[in-house]
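These notes concern the structure reproduced below.
The values are calculated or read from the model by the stated rules, or taken from the named source; none is laboratory data. Here the structure is a predicted model, which means the values were calculated and not measured. All Cβ positions, even for glycine, are placed from backbone atoms using ideal geometry, and neighbour counts span all protein chains on display. In case anyone asks, the SASA skips ligands and DNA or RNA and just uses the protein heavy atoms, side chains included. Shrake-Rupley method; radii C 1.70, N 1.55, O 1.52, S 1.80 Å.
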Amino acid sequence: MYSLDRPLAGCNDTIAYSTFASGGIQIISTNPPCVLQLPSNGRYSPLFPITSFTTTGACPVKTAVPDFRFDSQLGSMTFTPGVYIQPNAAGNADNYLNKYSLVGKVTEYRRINGRYYKVGSVRRDFLVIVIDCGGNTTPAPPIASGPPKTGVQIINTDSTLITAYTCNYSEVRIKFSDPNPGDLLTVTYPKETDPVFAAEVKQSILPVDVARFSIVGNGTTTPYGILKIQPDVLFTGKTYRIPVQITDNACPIKGVQNRILVLKIAKGNFAKVVPSVNNPYVCAGTQVDLTATPFRPDSVGLQLAQYDYRWKLGNGMAPADTVKQTLKVTPTQTTRYYVRIIGKNFRLTPKPTCVDTASVLVRVAPALTANFSVAMRNGGTSASVPPRIFTFTNTSVSRVTTDSVRWTYQQVKDGDGNPVTGPVVVFSRKFDPGADALTIREGGTYKFTLSINNTAGIAPNKTQCAASTKSMEVVVPKLEIPNVFTPNGDGKNETFVLTAGQEGNKVQIFNRWGRLIKEYTNYQNDWTGEEQPAGVYYYLLTDKAGKTTKGWVQLSR
């Protein structure tokens, strides 16, 4: 736990804080005229131990606002000294009022059985001397940045906070600058004494297996640092701090900025599987390309990144393809495909340590299998007479996944067995057409076909899958118009019957002397010869087009 504390003159003997200087003005510039209005009297404290101001307003009069910032999480202090006090009248340098004491305190606690106990604390006193820099401004804090594909997270604050990920190649650039144009900057940091590492940060501060840090352009107006990060999983959760000092070449007083670069190593998994179609949802048997893709830079410096690929064998995948970066799969069912991507530029023995995993779900509209049964029964007044009524039962085992259904019939032979090509007629689009779904009134051979299919994908990018069909041929007996009917009450051949195509037309019946005895405008095979004697009768049939047909029939009792 970080906090601020009071300075001590002796053991447990604190020093009393002085008061602010009385409110007044401080000249900022004469051309143009501009002064700073200082705050009224006040007393210093642990939370405001130095005259530090920010300004508000605009020239010719600006207002000084007390501003001392302390980050209790990082233990850092940020302030801008606002007043330079000249020596006293006696000219005694020891009595300059430009010396300030800042005290930081670190307290350690331990958690035991759910409770926190104070272990101890340590204090550090900082002596801050404010001097007249002749208008020179301290170099600006460093600003770090990294390419987006590296995945590093950067926060530029009092310290430069960088979060990088294991098994990832990251290169962070740190820019150093100075508010004073033309100032030349020199950046220094603790270096290893071994000549091999003379240009790099000490390994005790930053192991070379984690990252390498170097400065380019020292002694120029815009030097920059390069932090090449390539940590193994061994360093997961570790934090490294690199102290840097930025010094300008101002005269007579050089500006100095001290900052800490904080590098934290987190566990990373930078891989994904890229399918050849977005949000893959395909028909069964459709080929899909899957590419294992490391989400990393292709190289760091002059070293190319190298990878091995290991796919878990899955539906529709060839075993020989399990070591390829891109493989082709032809799934017949919804399947999740898994891959391990092994970084070969990291430690590989005794087993690989930098392994990313990724997967992708390929949804599949399942293949359908059409099947049905059909039952036929007589629909006329006699078992030997059309029409025939058909009932269909859909026995396909894919009701839930079926999107469309189509039932059709087509006459392929006439009543005498001669091949014909009748039109394909759709008679239902229901999964189960139900009873009395189809009536056939003309003899012949008929082909019944059930076609079912489904779709893959999500609207508006749906794809219709191949249909599954099932066909069956059924023979409907040809109607032979009997020239004799026997209305004797035995339930057989009781009425005068026409063909299915003639039923429903106009029929006129005459006796052998030519007298009209019965007439029907819509004949339904229902003349029983009532009140007529046995004998030969003639009929005249007129269809809806006006065409007439003559014939005769024998009535026997």
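Collect the residues in the stretch 358-377 that are open to solvent by 50 Å² or more (accessible area, probe 1.4 Å), in a strand (DSSP E or B) and closer than 27 Å to GLY457 by Cβ, keeping them in residue-number order.
LEU361, ARG363
With (1) touching an Asp or Glu at 6+ places or on another chain (Cβ under 9 Å); (2) assigned to a loop (DSSP other than H, G, I, E, B); (3) open to solvent by 60 Å² or more (accessible area, probe 1.4 Å) as the list, and VAL208 as the residue in question, which single condition is left unmet?
The single condition VAL208 does not satisfy is (3).
Pick from the stretch 314-327 the residues that are in a strand (DSSP E or B) and buried (at least 16 other Cβ atoms within 10 Å of the Cβ): which of them is farthest from the chain's Cα centre (by Cα)? Working first, answer last.
Keep residues of the stretch 314-327 that are in a strand (DSSP E or B), which gives 317, 326-327.
If we keep only those that are buried (at least 16 other Cβ atoms within 10 Å of the Cβ) as well, we get 317, 327.
On the way: MET317: 24, LEU327: 21 Å.
Once the filter is applied, the top-ranked residue is MET317.
So, in the stretch 155-189, of the ones that are at pLDDT below 85 and over 27 Å from the mean Cα position of the chain (by Cα), which residue ends up surrounded by the fewest Cβ atoms within 10 Å (Cβ to Cβ)?
Per the stated criteria, the residue is THR157.
Among the numbered criteria (1) out of contact with any Leu (no Cβ under 8 Å at 6 or more places or on another chain); (2) more than 19 Å from GLN502 (Cβ to Cβ), which one does ARG406 miss?
(1) is the only condition that ARG406 fails.
Check the stretch 328-345 and report whether any residue there is assigned to a strand (DSSP E or B) and under 30 Å from THR393 (Cβ atoms). Before the answer, list the steps.
Keep residues of the stretch 328-345 that are assigned to a strand (DSSP E or B), which gives 328-329, 335-343.
Keeping just the survivors that are under 30 Å from THR393 (Cβ atoms) gives none.
No, that holds for no residue.
I'd like the residue in the stretch 211-222 that is in a loop (DSSP other than H, G, I, E, B) and not hydroxyl-bearing (Ser, Thr, Tyr) and, out of all such residues, is farthest from ASP356 (Cα to Cα).
The extreme case among them is GLY219.
Please work out if VAL106 is open to solvent by 50 Å² or more (accessible area, probe 1.4 Å), assigned to a strand (DSSP E or B), within 25 Å of ILE260 (Cβ to Cβ) and not acidic (Asp, Glu).
Working: open to solvent by 50 Å² or more (accessible area, probe 1.4 Å): yes; assigned to a strand (DSSP E or B): yes; within 25 Å of ILE260 (Cβ to Cβ): yes; not acidic (Asp, Glu): yes.
Criteria met by VAL106.
For the stretch 8-28, does any single residue satisfy the condition of being under 29 Å from ASN136 (Cα atoms), open to solvent by less than 60 Å² (accessible area, probe 1.4 Å) and either at pLDDT 80 or above or assigned to a strand (DSSP E or B) (or both)? Before you say what the answer is, go through the steps one by one.
Quick first cut of the stretch 8-28, residues under 29 Å from ASN136 (Cα atoms) only: 18-28.
From what's left, open to solvent by less than 60 Å² (accessible area, probe 1.4 Å): 20, 23-24.
Now drop any that are not either at pLDDT 80 or above or assigned to a strand (DSSP E or B) (or both), which leaves none.
Taking every residue of the stretch 8-28 in turn, none turns out to be under 29 Å from ASN136 (Cα atoms), open to solvent by less than 60 Å² (accessible area, probe 1.4 Å) and either at pLDDT 80 or above or assigned to a strand (DSSP E or B) (or both).
Which residues, taken from the stretch 91-108, are modelled with pLDDT of 90 or more and either over 19 Å from ALA16 (Cβ atoms) or among the acidic types (Asp, Glu) (or both)?
GLY104, VAL106, THR107, GLU108
Output the number of the condition that PRO39 fails; it satisfies all remaining conditions of (1) modelled with pLDDT of 85 or more; (2) open to solvent by less than 70 Å² (accessible area, probe 1.4 Å).
(1) is the only condition that PRO39 fails.
Collect the residues in the stretch 47-66 that are open to solvent by 30 Å² or more (accessible area, probe 1.4 Å), in contact (Cβ under 8 Å) with a residue 12 or more places away in the chain and either among the β-branched types (Val, Ile, Thr) or in a loop (DSSP other than H, G, I, E, B) (or both), keeping them in residue-number order.
Passing the criteria: LEU47, THR54, THR55, CYS59, PRO60, VAL61, THR63, VAL65.
One residue is enough: does the stretch 443-465 have a residue meeting the conditions outside any strand (DSSP E or B) and closer than 30 Å to SER556 by Cα?
Checked against the condition, which is being outside any strand (DSSP E or B) and closer than 30 Å to SER556 by Cα, the stretch 443-465 yields at least one hit.
From GLY504, GLY551, which residue is in a strand (DSSP E or B) and of a type in the set (Gly, Ala, Ser)?
Details: GLY504 fails: in a strand (DSSP E or B).
It is GLY551.
Given the criterion under 23 Å from the mean Cα position of the chain (by Cα) and farther than 30 Å from ILE452 by Cβ, identify the matching residue among PRO331, PRO294. Steps first, please.
Values: PRO331 fails: farther than 30 Å from ILE452 by Cβ.
Exactly one residue qualifies, and that residue is PRO294.
I need the full set of residues from the stretch 272-284 which are open to solvent by 30 Å² or more (accessible area, probe 1.4 Å), farther than 30 Å from PRO231 by Cα and at pLDDT 90 or above, in order please.
Hits for the stretch 272-284 are SER276, TYR281, ALA284.
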